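So the structure is just underneath, and the comments pick up after that.
Please treat every number below as a calculation from the coordinates, not as lab data. If you're wondering where the values come from, they're calculated on a predicted model, not measured in any experiment.
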Amino acid sequence: MAVAAQDTALGRLRGGFGHLSNQQKLGLMFAVAALIALLSGSWMWSQTPDYRVLYSNLSDRDGGTIISSLQQMNVPYKMAEGGGAILVPANQVYEMRLRLASQGLPKGSVVGFELMDGQKLGMSEFQERVNYQRALEGEITRSIQSLSAVQGARLHLAIPRPSVFIREQQKPSASVLLSLYPGRSLDAAQVSGIAHLISSSVPDLPLKNVTVVDQNGNLLTGAGEGAGAHAGLDPTQLDYLHQVEQSYVKRIESILMPILGQGNIKAQVAADLDFSMVEQTAETYKPNPVPNEAAIRSQQMSETSGDAGKQASGVPGALSNQPPGAASAPITATAPGAGGAAGTAAGGGNVHKESTVNFEVDKTIQHIRQPVGGIKRLSVAVVVNHRKDAKGANKPLTQAELSQIENLVKEAMGFSPTRGDTLNVVNAAFTESEAEEIPAVPLWKEPGNMALVKEVAKNLLIAALLFYLVFGVIRPILRDLARPHAHAGVAGAEEEDVAEISPEALAKASQAAGYEENLKAAKELAKQDPRVVASVVKDWVGAE
């Protein structure tokens, strides 16, 4: 039954297609061809990969080598930006980068220490020295080019030949030309970092011999000066100054915020810091101390005694030959000072004593180093907004409230009149500026959603075309083909199935036309489609 129904449907389609006009046949063929083309194009479009940049800003040599490697690996690629960028499918970008990196690509126009791999026998000392200098320049250049703001760099090293004489020894020097990305710039700290990088990479290269120039010819480091030499403060000192000032601002605002409320106070601090490095050494001596209070460092005593009564003494002559006089008490003499000698004589002999005492000398040595970055002076300005009363009107603060705020600020900043600190507190009404409404970015304009929007739009367009071709063109044509067409003047047969023509319908048609004409039409119908006649006869027999 199913096979018979299928054959009947195919027969209807064939018969209907045969009764179509030439224009209808061409329209149907065009619709079927468009449907096939749309399906094929949609499939090819969905299979087309999304290309992403593999490498950009390549030299001609690197570009040709990378393209050859991609062709050998059967990887599709495209050229963009005038040949300066190579694009590959998005799902193969990172894989290709790793595979090309394993081959040493891209090498770049700068060569590094891989230049030493191709050393040949018989090279002179000059060639070896030149190759080493080229390799060193290339490695340092690669390091500089890895910075985010640097698009390209060119380094020149001047390395003198070593000498055995100290007076003839010269220090190497370096100069680097930087090509920055459009709209990018380097601050003093970054330039100093590049100079330190070069100085640390070359042996015996002093920092003052490094010169950095940008692509516009602007000298970023002074020739003959160190990278840290500036007319004013260096970047580190400036950062420290800003940190100190912001620290005081936060102190002032945090202590006044609970009283005045959010947004009702503005404070600015100007700090004068002392970045001079001062070292002082003092050696102080005190006056000579009293002997009893002084500390003895060393003491030496000696004593000599002897019998000199029987020996002649005095000046020869009459006076010296006189007999001795009567005995008397001895005379004691004390040597003056702490380090003098003392001698005494008693009886018939003499005694000689010597005493040497060394005292410690008071001395004070002070080594003072002043801290760097000490605060010399603070200047603080504070603006306080008016208060709002119950009716919403601005009302200035009272003098007592201002005095209270001023005292709080002095305590927060560590106010010191001796170092010349100044403080100014002003009460004024703030101008309320209307907040500018920033228009919301549409969802379809957000960068993260652009790819999704394109993909959805592509799929919707394909679905719309398919829907139109299937339901707007092909389905009506197939419906017309499936309908039965009139054969030999049978009226009303286009609305019903040919296999379902009833005897009543055929009788009505016979009454409308003559018997002869009906008979002729029935014969012609039997010749063209015997199945219709067989179906009618079958219905007649079944009815009886």
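So what does log10 I(q)/I(0) come out to for the range 376-417 at q = 0.14, 0.21, 0.25 Å⁻¹, using the Debye formula with one equal point on every Cα and no solvent?
Debye intensities relative to I(0), on a log10 scale: -0.43, -0.75, -0.91.
Beyond 22 Å between alpha-carbons counts as too far, so tell me which of Lys250/Lys388; Lys120/Lys171; Lys266/Lys395; Lys266/Lys410; Lys208/Lys376 fall in that bin.
On the way: Lys250/Lys388 25 Å; Lys120/Lys171 30 Å; Lys266/Lys395 18 Å; Lys266/Lys410 15 Å; Lys208/Lys376 32 Å.
Table pairs above 22 Å Cα-Cα are Lys250/Lys388; Lys120/Lys171; Lys208/Lys376.
Radius of gyration and Dmax for the range 117-171's Cα atoms, expressed in Å?
15.1, 44
Under the rule of at least 5 residues apart or a separate chain, name every residue whose amide H is placed under 5 Å from the amide H of Arg377.
When sequence neighbours closer than 5 places are left aside, the close amide H contacts are Asp272.
Can you list residues from other chains, or at least 5 along the same chain, whose modelled amide H is less than 5 Å from the amide H of Arg387?
Amide H neighbours of Arg387, under 5 Å, 5+ apart: Lys395, Leu397.
Using amide H atoms built 1.01 Å from N in the peptide plane, name the residues 5+ places from Leu423, or on other chains, whose amide H lies under 5 Å from its own.
Val380
Computed on alpha carbon atoms, what radius of gyration and Dmax characterise the range 123-270, expressed in Å?
So, for the range 123-270, Rg and Dmax equal 22.4, 82 Å respectively.
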